[in-house]
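Colleague: Below are the structure tokens for one structure; questions will follow.
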Amino acid sequence: MFIGAIGCEPLQLRRVNLENSASLEVYRSNGGYEALNKVLTSMSPDDVIAEVKKSALRGRGGAGFPTGMKWSFVPKDSPKPKYVVCNADESEPGTFKDRYLMERDPHMLIEGMLIAAYALGSHVTYCYTRGEYRYLIEIMDRAIAEARAAGLVGENISGSNFSCEVYTHSGAGAYICGEETALLNSLEGLRGHPRMKPPFPAIAGLYGCPTVVNNVETLTAVPDIIKMGGEAYQKLGTEKSGGTKVWSVSGHVNRPGVYELPMGYDDMEKFIMEDCGGIRDGKKLKAVIPGGSSVYIMPASDILGKDVKMDYEGLVAAGSMVGSGGFIVMDETVDIFESTKNLIEFYKHESCGWCTPCREGTDWLVKIFKRIARGEGRPEDAQLILDLCDNIEGKSFCPLGDAAAWPIQSAIKKFPDDFKRHLMPIVETETATV
Amino acid sequence: MSQQFTPNNPLPQEAKVPAEMAVFSPQVEAEIDGHLAKYPPDRKRSAILPLMFIVQRERGGYLDPPGVAYLADRLGVRITDIWEVATFYSMINTEPVGKYHLQICKTLSCKILGANKVTAQCMERLGIKPGETTADGLFSISEVECLGSCGTAPMMQIGFDYYENLTTEKVDEIIEKCRSGQLGNGVR
Amino acid sequence: MSTELVKVTINGQEFQVEKGSRLIDVCREKGNDIPSFCYYSDLALQASCRMCLVRIEKMPKLQTSCTITCTDGMIVTTRSEEIEKAQRAMVEFLLANHPLDCPVCDRGGECELQEMAFDWGGLEERFTERKNYAPEKYLSPMVANDPQRCILCKRCTRVCDEWMGEDAIEAGGRGANTVIGTYGGWLNCSQCGNCIEVCPTGTLLDATYRHQARPWEQSQTISTCTYCSDGCEMSLGSRAGELMRIVARDRYVNGHNGEFLCIKGRFGHPFVNHEERLRTPLIRYKKGGKLIPATWDEAIRFTATKLDAVAEKYGASAIGVVGSPRITNESLYALHKFATEVVGTDNYTATDAFSLQPFFDNLAGPLATHRDIRHAKTILLIGGEPEELQPFTGKQIRQAVRNGGAQLLIVNSVPIRLKQQAAKFLHVRRGTEEAVVLAIANQAHNKLAAQKAGVEEIELIELRRALTGTEGDLVIMFGGELGPEAQAVVGQLPHTFSRESRRVLLHPLPLYNNSVGAHDIGLMRGHMSATEMLGAAGDAVRAMYVAGSFLPEHSAQQGLSKLDFLVVQELFETETTAHADVVLPAASWAESDGTFTNNDGLVQRVRQSIPPVHQSRQDWVITSQLAKELGVDFGFQMSASAVFKEIAERVPAYEGLRYPLLKDESKPVQAKHTIAEKNDLSRELESMRARVEAMAETAEKIMGTPEVGHELFKPGTLTGKVPQFHLLAAGNPEPPTVAISPLYQITIDGGLQRRSEAVAAGD
Ligand SMILES: Cc1cc2nc3c(=O)[nH]c(=O)nc-3n(C[C@H](O)[C@H](O)[C@H](O)COP(=O)(O)O)c2cc1C
Ligand code: SF4
Ligand code: FES
């Protein structure tokens, strides 16, 4: 599996291929904890937030919310403790970048969490990691212990008067706990149901206290932003989304892996066909899901020869989204009906059950897809499926409902033939209702 | 908001508490203390998932009634609170599972790269279907959702250990090694 | 909440509404119907059913009106094609896996989902897949459960947590597999049944009424509970002279308790049609002989003759008249009138567990209503155990703390369960609550009180600080632990603590549904208490006329056998009737018209749901007939309202009241108790100080928290007629299978039913 940068100097992935990259020693001898030092000795918390704002860093967890802005929502004067929580729940199908960032360079995450904590006046930070990633928790725990021994975590960090704890916390198998408020419920020892917003976590999050939840990759970008300055970081990417982005690539490519690209990389075709080594076994590209399973599926025809820019705006223009940056590449052998069925089964399994449309809607959709797969499809099913998706989308309590609807809607729209085949097993010739 | 909620303090147990309560060694107790120390003292409940993993490791792979009673007591919550949380999370077992729990990823990236073959091979070698346990209690198979190994698909997890880039031959080899005790069951 | 007004436009109409009020409430108030399942006033917001969607300008997507608070300039649409499609979709989703078994569902006819399906359901069923299946079962002897019907609105888990503080029922599982239940599937809780009440569908059902009747076959009668002094309003469902069930569903009744009831109120009614109800008057012609059925005329004549004879021989005061705090104000009034105007005796009383007369004589502030308690800022609870003895008060306290942020201060010798909600819990030695009252009345006694009660002096100082630091309402409650002087002192506390910014309200915690009424009517002002009356039996008292029975607390009842003559009005044979010469079958509250007065001082209607069973008669009717036989016509014309009219004329606190004024249970009427001037209590305080000084300092403190149900489940004369109470009192044993009612499987001592065919026969 490939892991490295294309089209730019590796930033986030600078150390990943070094031997012993997870150790404090290697981290330090490659510029590690310099940013923390800079922050502690020469920057005020407001300076840090200002720098992050300048960097145009957008959250890498999926929603792409500007990180500096999110940090500035935390009330400075609140008498309550404040928390920084790292979202390492990475459960979005097709996404595995956080895993390698943590496995190969845990100190970068610790440093990012500490800088965030400093900026927000927090003294306790948690790294909520999905339970299946137990080995990463062990790596993180070792790294935290090392950092603590070196005076980088705990009381009076590096002799400053800033104190901060970093703790790991394990999830136990629930995709919804990646949603930030569900994550907070889970961290409080409750069922992982999302919470009502407002109040947003920045105002009332963990234990009712101001809390910032950021994705691993968002936090690991922070040390570099501090070191090179927000402006320089922004310039690596585009005006609206600064810096580099780490993409996970899986599926029918010759070289799956974790790729760091500058934001705004041109273009997607080159990326898949050249950087990722093209499609396996000389087959043809059929479709790509570019942002983890929750985004619109793109047919090859929307990619090949279309100069799709790989950043937030570029992908929206091309009819999809950056999401969590999980590329799932599918060749011509894949039946999009089957792949869609696979995803809706995922969403049904992971629906938390809180709200009506998502709980009942995904259950119903799975039943329809299974029936169709048994060969009992009916022409009117396509309309029914689309209508059910419409009834879920925008009505659910949290975005998981939308995330379940989007892949289906786009699949039926973009690959009508794959559905027709299943829906009209007998009357092949009739025009589709889609 | 006009409503204001304070956490409900634990009341005396109301559901039937199992008669027996699990007892753990000082080492395990120390491990548990280590987890509890991460959270504010009045928020012990936060440690519920980490503690569940420990209890299920120590109690034969699942939360048996004495283990549940222990958790409720240790965290100062009601027995039903343990139930509501345990049944929400797919990694917490409320029923016994085999010593080697083969969890095969079935989500899209693994699926298009041959997850079905992996499952079929396991089923054939072990003579059980997903959701079942072999009669000797050694193996269980489950089909699970994406485990973040899409780049190294297909894959499965045994306990907490990842086995990636699987082929049918590799599956055979792994199963053989489990049988002969050469592989740990990945439960930590 | 601020009272600032803001402009909100709903469907094109402009309204001025309070800023921050909830949009769904505002829309409904203004006549725009909004469907909802999960929204329930004063419970944590849930926003999960997604029925209440509206369109708000400048907001993306449809919004749930249950979570939106009104802000200025908000423009709302509640009806449009888009909204209707969404709402129809939600009903369709909810019905997808819902079984179509309305014809056999106990909730059929009063099911919110059924109604919603009529209004919002589709014409065509698009769900043609197999429905998820889960079998019906029992969660406890009181609660039946059909998980398939659940729509996961989680009202049940929220009332269990927020109202009851029990959190006994929860959601388990995830996604489409989410189920409501408990660990192990067996529900051990106070069995209040509020989860059943708030359930909009037939998921949680009254197990004692399973498949007994359909809602529409029953007539609903709004009445007041016959158990504790909280006076919950309820609807009695009856069919053909049989009381079928009791509910507080807001479609039938809208009392101050909302949909709340406790186990006794909800499930404690089967005594009404119980086979052991007395059927006819009974006469024991000879001491030591048997009770023999007689006609009413004969029994009344016999009784009158006997009473006459005793009065002749020993004087009128040798006749004692004893009422019950369970019977209506009308019946108590008739007894009082009988004692004073027919017999002419001062020896009358009621069989209450303790007298509150000194409290009412010194009452210097208004009685707190349950609404006041819910919105209080500080609550001081001295003694008592409301969660077992006055469960509705317990619920209001809990919600005041949890949802209203009130501070709860508890002084008790027992670590009662409510202490979990308390900001301060003064754990005093047994019997030393009065010492704390002394310190509250006069801080000079702090040291003495602390020493005797076994608490730190600083705790008393902090307690006082909490009381004097309160802005808003301060509610002081007390239980039966306080003696007469301490009661007087508490009654006068408003004089000490009231301020411009602080209202002091009082809330006594008597045990019976009409304890307060018994005081109001004057029955507790007689010359003897119930215990004294028993002691004087055969001595100063030679004959007794008792409505109801003595309580175990009133010491041994053997004294009764020394009486020349004893006449008892009762529902059942009791220890008291065992000594009676005449037993007259009385009608229960379900068969009576009248009023009860609760511990808020609310005068509430009791209405006849079924005609008196067998030959029983309402208590006041019997008393009037006896009076007539003795030559005095009460002139009540056989109408309870006539009795009440006379009460209103003679009892100052009830002045001006009439039945029509009490008609609407949603607008409760409080009796106007006289507010006492500042009385000189130096004598009382002095004798309290002496008593406190004499208290021992050696008593061990009571450590264990009392078990849930230790009072609620106790099978009494009435609740003992309900087999389920025996199961609960025996520890609520889990039956071998939950598919069949535990009643058919387990004997009341918790053993397994030996006859297996009972199980096989099903329920
Ligand atoms: C269903 C769902 C799943 C999510 N899963 C993840 C996840 O696994 N990891 C993550 O970082 N963010 C996830 N998110 C996004 C988070 O809610 C949140 O936006 C993010 O953690 C914020 O961090 P960022 O601003 O750094 O992106 C998920 C959101 C939803 C709605
Ligand atoms: S959309 Fe609803 S059911 Fe689905 S995960 Fe979110 S809250 Fe849970
Ligand atoms: S009432 Fe608003 S979502 Fe249920």
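The values are calculated or read from the model by the stated rules, or taken from the named source; none is laboratory data. Because the structure is predicted, anything quoted here is derived from the model rather than measured. Every residue, glycine as well, gets a Cβ built from its backbone with ideal geometry; the counts of neighbours run over all protein chains shown.
Colleague: Among residues belonging to the range A:205-235 that are in a loop (DSSP other than H, G, I, E, B) and away from ligand 1 (no atom under 16 Å from the Cβ), point out the one that is farthest from A:Thr41 (Cα to Cα). Walk me through it before giving the result.
Modeller: Taking the range A:205-235 first, the residues in a loop (DSSP other than H, G, I, E, B) are A:205, A:209-210, A:229.
From the residues that got through so far, the ones that are away from ligand 1 (no atom under 16 Å from the Cβ) too are A:209, A:229.
Numbers: A:Cys209: 28, A:Gly229: 16 Å.
Among them, the one singled out is A:Cys209.
Colleague: With (1) over 26 Å from C:Glu259 (Cβ atoms); (2) more than 10 Å from chain A (Cβ to nearest Cβ) as the list, and C:Pro60 as the residue in question, which single condition is left unmet?
Modeller: Unmet for C:Pro60, out of (1) over 26 Å from C:Glu259 (Cβ atoms); (2) more than 10 Å from chain A (Cβ to nearest Cβ): (2).
Colleague: Does at least one position in the range A:226-237 carry a residue that is within 14 Å of chain B (Cβ to nearest Cβ), of a type in the set (Val, Ile, Thr) and buried (at least 21 other Cβ atoms within 10 Å of the Cβ)? Can you show your working first?
Modeller: If we filter the range A:226-237 for residues that are within 14 Å of chain B (Cβ to nearest Cβ), which is where we start, we get none.
No - not one qualifying residue is present in the range A:226-237.
Colleague: Okay, moving on. Just give me the residues in the range C:41-62 being within 16 Å of ligand 2 (Cβ to nearest atom) and either of a type in the set (Asp, Glu) or in contact (Cβ under 8 Å) with a residue 24 or more places away in the chain (or both), in sequence order.
Modeller: Listed by number, the residues that qualify are C:Ala44, C:Gln46, C:Ser48, C:Cys49, C:Arg50, C:Met51, C:Cys52, C:Leu53, C:Leu62.
Colleague: Please go through the range A:375-406 and pick out each residue that is within 10 Å of ligand 2 (Cβ to nearest atom) and within 8 Å of another protein chain (Cβ to nearest Cβ).
Modeller: A:Lys395, A:Ser396, A:Phe397
Colleague: Moving on. Restricting to the range A:393-413, count the residues that are more than 13 Å from ligand 1 (Cβ to nearest atom) and farther than 15 Å from A:Ser293 by Cβ.
Modeller: Adding up the residues that qualify gives 5.
Colleague: Say whether the condition of being out of contact with any helix residue (DSSP H, G or I) (no Cβ under 6 Å at 6 or more places or on another chain), farther than 25 Å from B:Asn165 by Cα and among the charged types (D, E, K, R) is met by at least one residue in the range B:97-118.
Modeller: No, there is no match, as no residue in the range B:97-118 is out of contact with any helix residue (DSSP H, G or I) (no Cβ under 6 Å at 6 or more places or on another chain), farther than 25 Å from B:Asn165 by Cα and among the charged types (D, E, K, R).
Results for (1) within 30 Å of A:Asn185 (Cβ to Cβ); (2) buried (at least 24 other Cβ atoms within 10 Å of the Cβ); (3) more than 8 Å from every other protein chain (Cβ to nearest Cβ), shown as yes or no for each residue.
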{"position": "A:Val334", "(1), (2), (3)": "no, no, no"}
{"position": "A:Phe337", "(1), (2), (3)": "no, no, yes"}
{"position": "A:Cys352", "(1), (2), (3)": "yes, yes, no"}
{"position": "A:Thr356", "(1), (2), (3)": "yes, yes, no"}
{"position": "A:Glu360", "(1), (2), (3)": "yes, yes, no"}
{"position": "A:Val366", "(1), (2), (3)": "yes, no, yes"}
{"position": "A:Lys370", "(1), (2), (3)": "no, no, yes"}
{"position": "A:Ala373", "(1), (2), (3)": "no, no, yes"}
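Colleague: Let me ask another. Restricted to the range B:101-113, and to residues that are surrounded by 24 or more Cβ atoms within 10 Å (Cβ to Cβ) and more than 8 Å from chain A (Cβ to nearest Cβ), which residue is nearest to B:Asn185 (Cα to Cα)?
Modeller: Out of the qualifying residues, it is B:Leu102.
Colleague: With the requirement that a residue be within 12 Å of another protein chain (Cβ to nearest Cβ) and surrounded by 15 or more Cβ atoms within 10 Å (Cβ to Cβ), what does the range C:74-84 give you?
Modeller: C:Ile83
Colleague: Follow-up. Quick check on this structure: which one of A:Asp98, A:Asp89, A:Asp46, A:Asp105 is within 16 Å of ligand 2 (Cβ to nearest atom) and acidic (Asp, Glu)?
Modeller: Only one candidate passes the filter, namely A:Asp89.
Colleague: Return only the number of the condition from (1) of a type in the set (S, T, N, Q); (2) within 30 Å of C:Ile440 (Cβ to Cβ); (3) buried (at least 18 other Cβ atoms within 10 Å of the Cβ) that C:Thr705 does not satisfy.
Modeller: (3)
Colleague: Another one. Pairs needed: first member in the range A:94-106, facing chain B (nearest Cβ under 8 Å); second member anywhere, polar (S, T, N, Q); C-beta distance under 6 Å; at least 6 residues apart or different chains.
Modeller: A:Gly94/A:Ser250; A:Gly94/A:Ser293; A:Gly94/B:Ser109; A:Thr95/A:Ser248; A:Thr95/A:Ser324; A:Phe96/A:Ser248
Colleague: Collect the residues in the range A:333-387 that are aromatic (Phe, Trp, Tyr) and within 16 Å of ligand 3 (Cβ to nearest atom), keeping them in residue-number order. Break it down stepwise before answering.
Modeller: Keep residues of the range A:333-387 that are aromatic (Phe, Trp, Tyr), which gives A:337, A:346-347, A:354, A:364, A:369.
Across the range A:333-387, the qualifying residue is only A:Trp354.
Colleague: Turning to a different aspect of this structure: Find the strands (runs of 3 or more DSSP E) located wholly in the range A:248-333 whose residues include 2 or more that are away from ligand 1 (no atom under 16 Å from the Cβ) and among the aliphatic types (A, V, I, L, M), and list them. Reasoning before the result, please.
Modeller: Numbers: elements: A:257-262, A:285-289, A:326-331.
It comes to A:285-289, A:326-331.
Colleague: Right, here's the next one. For the range C:143-170, name all the residues that are within 14 Å of chain B (Cβ to nearest Cβ), among the hydrophobic types (A, V, I, L, M, F, W, C) and either closer than 20 Å to B:Val17 by Cβ or part of a loop (DSSP other than H, G, I, E, B) (or both).
Modeller: Listed by number, the residues that qualify are C:Val143, C:Leu152, C:Cys160, C:Met164, C:Ala168, C:Ile169.
Colleague: Helices (runs of 4 or more DSSP H) wholly in the range C:327-395 with at least 2 residues that are modelled with pLDDT of 95 or more and among the aromatic types (Phe, Trp, Tyr) - which ones?
Modeller: Details: elements: C:329-337, C:357-362, C:370-374, C:386-389.
Where helices (runs of 4 or more DSSP H) fall fully within the range C:327-395 and carry at least 2 residues being modelled with pLDDT of 95 or more and among the aromatic types (Phe, Trp, Tyr), they are C:357-362.
Colleague: Please find, within the range C:90-104, the residue that is nearest to the other protein chains (Cβ to nearest Cβ) out of those that are assigned to a helix (DSSP H, G or I) and over 15 Å from A:Gly361 (Cβ atoms). Write out each step before concluding.
Modeller: Kept after step one, since they are assigned to a helix (DSSP H, G or I), are these residues of the range C:90-104: C:90-96, C:102-104.
Remaining after also requiring over 15 Å from A:Gly361 (Cβ atoms): C:102-104.
Numbers: C:Cys102: 19, C:Pro103: 23, C:Val104: 23 Å.
Within the range C:90-104, the match that is nearest to the other protein chains (Cβ to nearest Cβ) is C:Cys102.
Colleague: OK, next. Output the residues belonging to the range A:358-373 that are in contact (Cβ under 8 Å) with a residue 12 or more places away in the chain, farther than 17 Å from A:Glu338 by Cα and more than 7 Å from ligand 2 (Cβ to nearest atom). Walk me through how you get there before you give the answer.
Modeller: Of all residues in the range A:358-373, those in contact (Cβ under 8 Å) with a residue 12 or more places away in the chain come to A:358, A:361-366, A:368-370, A:372-373.
From the residues that got through so far, the ones that are farther than 17 Å from A:Glu338 by Cα too are A:358, A:361.
Listed by number, the list holds a single entry, A:Gly361.
Colleague: Within the range A:367-394, can you find the residues that are outside any helix (DSSP H, G or I), under 23 Å from the mean Cα position of the chain (by Cα) and not small (Gly, Ala, Ser)? Steps first, please.
Modeller: Restricting attention to the range A:367-394, the residues satisfying the condition of being outside any helix (DSSP H, G or I) are A:377-380, A:393-394.
Checking the rest, the ones that are also under 23 Å from the mean Cα position of the chain (by Cα) come to A:393-394.
A:Glu393, the sole residue that qualifies.
Colleague: Within the range A:184-203, can one find any residue that is of a type in the set (S, T, N, Q), surrounded by 24 or more Cβ atoms within 10 Å (Cβ to Cβ), within 14 Å of chain B (Cβ to nearest Cβ) and within 16 Å of ligand 2 (Cβ to nearest atom)? Step through it out loud before you land on a result.
Modeller: Going residue by residue through the range A:184-203, those that are of a type in the set (S, T, N, Q) are A:185-186.
From what's left, surrounded by 24 or more Cβ atoms within 10 Å (Cβ to Cβ): A:186.
Right, trim to within 14 Å of chain B (Cβ to nearest Cβ) and you get A:186.
Then keep just the ones that are within 16 Å of ligand 2 (Cβ to nearest atom); that gives A:186.
Looking through the range A:184-203, at least one residue is of a type in the set (S, T, N, Q), surrounded by 24 or more Cβ atoms within 10 Å (Cβ to Cβ), within 14 Å of chain B (Cβ to nearest Cβ) and within 16 Å of ligand 2 (Cβ to nearest atom).
Colleague: Hey, among the residues in the range C:1-14 that are surrounded by fewer than 17 Cβ atoms within 10 Å (Cβ to Cβ), more than 11 Å from every other protein chain (Cβ to nearest Cβ) and touching a residue at least 12 places away in the same chain (Cβ under 8 Å), which one's nearest to ligand 2 (Cβ to nearest atom)? Reasoning before the result, please.
Modeller: Applying the first criterion (surrounded by fewer than 17 Cβ atoms within 10 Å (Cβ to Cβ)) to the range C:1-14 yields C:1-5, C:7, C:9, C:11-14.
Still in the running and more than 11 Å from every other protein chain (Cβ to nearest Cβ): C:3-5, C:7, C:9, C:11-14.
Filter again for touching a residue at least 12 places away in the same chain (Cβ under 8 Å), leaving C:3-5, C:7, C:9, C:11, C:13.
Values: C:Thr3: 35, C:Glu4: 33, C:Leu5: 34, C:Lys7: 33, C:Thr9: 30, C:Asn11: 28, C:Gln13: 33 Å.
This residue is C:Asn11.
Colleague: If you take the residues in the range A:169-183 that are in a loop (DSSP other than H, G, I, E, B) and in contact with a Ser or Thr (Cβ under 8 Å, 6 or more places away or on another chain), which one is farthest from ligand 2 (Cβ to nearest atom)?
Modeller: Taking the range A:169-183 and keeping what is in a loop (DSSP other than H, G, I, E, B), we get A:171-174, A:179.
Those left that are additionally in contact with a Ser or Thr (Cβ under 8 Å, 6 or more places away or on another chain): A:171-174.
Details: A:Gly171: 15, A:Ala172: 16, A:Gly173: 15, A:Ala174: 10 Å.
Among those that are in a loop (DSSP other than H, G, I, E, B) and in contact with a Ser or Thr (Cβ under 8 Å, 6 or more places away or on another chain), it is A:Ala172.
Residue-wise test of (1) away from ligand 3 (no atom under 16 Å from the Cβ); (2) buried (at least 16 other Cβ atoms within 10 Å of the Cβ); (3) modelled with pLDDT under 95.
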residue: A:Phe2; (1), (2), (3): yes, yes, no
residue: A:Gly7; (1), (2), (3): yes, yes, yes
residue: A:Glu25; (1), (2), (3): yes, no, no
residue: A:Gly64; (1), (2), (3): yes, yes, yes
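Colleague: Criterion first (at positive phi, surrounded by fewer than 21 Cβ atoms within 10 Å (Cβ to Cβ) and more than 16 Å from ligand 2 (Cβ to nearest atom)) does A:Gly323 satisfy it? First the steps, then the outcome.
Modeller: Values: at positive phi: yes; surrounded by fewer than 21 Cβ atoms within 10 Å (Cβ to Cβ): no; more than 16 Å from ligand 2 (Cβ to nearest atom): yes.
When the stated conditions are applied, A:Gly323 does not pass them.
Results for (1) assigned to a loop (DSSP other than H, G, I, E, B); (2) over 25 Å from A:Trp354 (Cβ atoms); (3) within 14 Å of chain A (Cβ to nearest Cβ); (4) among the hydrophobic types (A, V, I, L, M, F, W, C), shown as yes or no for each residue.
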| site | (1), (2), (3), (4) |
| --- | --- |
| C:Leu45 | yes, no, yes, yes |
| C:Arg55 | no, no, yes, no |
| C:Asp72 | yes, yes, no, no |
| C:Arg88 | no, no, yes, no |
